[in-house]
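Read the structure below first, then the notes.
The values are calculated or read from the model by the stated rules, or taken from the named source; none is laboratory data. The shown structure was predicted, so the numbers you read here are calculated from the model rather than taken from an experiment. Cβ placement follows ideal geometry from the backbone for every residue including glycine, while neighbour counts extend to all protein chains displayed. The protein model used for the area step is the full one, side chains on, heavy atoms only, and it has no ligands, DNA or RNA in it. Shrake-Rupley method; radii C 1.70, N 1.55, O 1.52, S 1.80 Å.
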Amino acid sequence: MGEMKRKASIFTKLVVLALVVYASVTLIGLHGQLESTRAAQLELQQSVEEQALENAVLEYEVENRNDPEMIERIARARFGLIMPGERIFYGNTD
């Protein structure tokens, strides 16, 4: 019976070793997925912050849509319009 106990002990050790290897491989895979998910989360968070800023600017523009300075700023920035008599100089982009 001692021989049987020794075989069972070796078998138990092999099973435990296999489980440890499997758990390690699984944890390494999960770690990679976690890092990938964190990167995606940071990217989405940055996108949300950029959109919130853009929304705040648009809200400000809507609230001040009748302000002559706001109208001029929007006309210049979005439509490239200039005041009569103004000159635009384009610099060298090199």
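Between LEU42 and LEU81, what is 0.36 nm times their sequence separation minus the Cα-Cα distance? Round to one decimal in nm. Don't skip to the end; give the middle numbers.
Working: separation 39, 0.36 × 39 = 14.04 nm, distance 3.76 nm.
Between LEU42 and LEU81, full extension yields 10.3 nm more.
Just to be sure I follow: if Rg is taken over the C-alpha atoms of the chain and Rh is the Kirkwood radius over the same atoms, what is Rg/Rh?
Numbers: Rg = 33.0 Å, Rh = 20.5 Å.
Result for the chain is an Rg/Rh of 1.61.
Keeping all protein chains in place and using 1.4 angstrom, which order do ARG38, ARG6 fall into by accessible surface area, from largest down?
Details: ARG38 120, ARG6 155 Å².
If we order ARG38, ARG6 from most to least accessible, we get ARG6, ARG38.
Of GLY32, VAL62, VAL16, which is farthest towards the positive pole of the chain's charge dipole, taken about the Cα centre with +1 and -1 on the beta-carbons of Lys, Arg and Asp, Glu respectively?
VAL16
I need the peptides 79-86, 44-51 ranked by packing, meaning the mean over residues of other C-beta atoms within 10 angstrom, with the highest value on top. Kindly include the intermediate steps, with their values, before the conclusion.
Values: 79-86: 7.9, 44-51: 10.0.
Output ranking for 79-86, 44-51: 44-51, 79-86.
Using a probe of 1.4 angstrom, how much of the accessible area of the chain is carbon and sulfur, in percent? Spell out each step's value before the answer.
Details: 5650 of 9010 Å².
With neighbouring chains kept in place, the figure for the chain is 63 percent.
Run lengths n ≥ 4 of DSSP H only: what is the helix-derived mean residue ellipticity at 222 nm for the chain, with -39500 (n - 2.57) per run over all residues, to the nearest 500? Could the numbers behind the result be given before it?
Numbers: 2 runs with 74 residues, N = 94.
Result for the chain, helices only: -29000 deg cm²/dmol.
Using +1 on the beta carbon of Lys and Arg, -1 on that of Asp and Glu, and nothing else charged, what's the dipole of the chain about the Cα centre, debye to 20?
Details: 10 positive and 14 negative charges, 261 e Å.
Using Cβ point charges on Lys, Arg, Asp and Glu, the chain gives about 1260 debye.
In a shell of Cβ-Cβ distance under 12 Å around ARG78, excluding ARG78 itself, what net charge do Lys and Arg (+1) and Asp and Glu (-1) give?
On the way: positive: ARG73, ARG76; negative: GLU61, GLU72.
Within the 12 Å Cβ shell, the charges total 0.
Quick check for you: with a 1.4 Å probe and neighbouring chains kept, what is the accessible area per residue of the chain, in Å²? Don't skip to the end; give the middle numbers.
On the way: 9010 Å² over 94 residues.
The answer is 96 Å² per residue.
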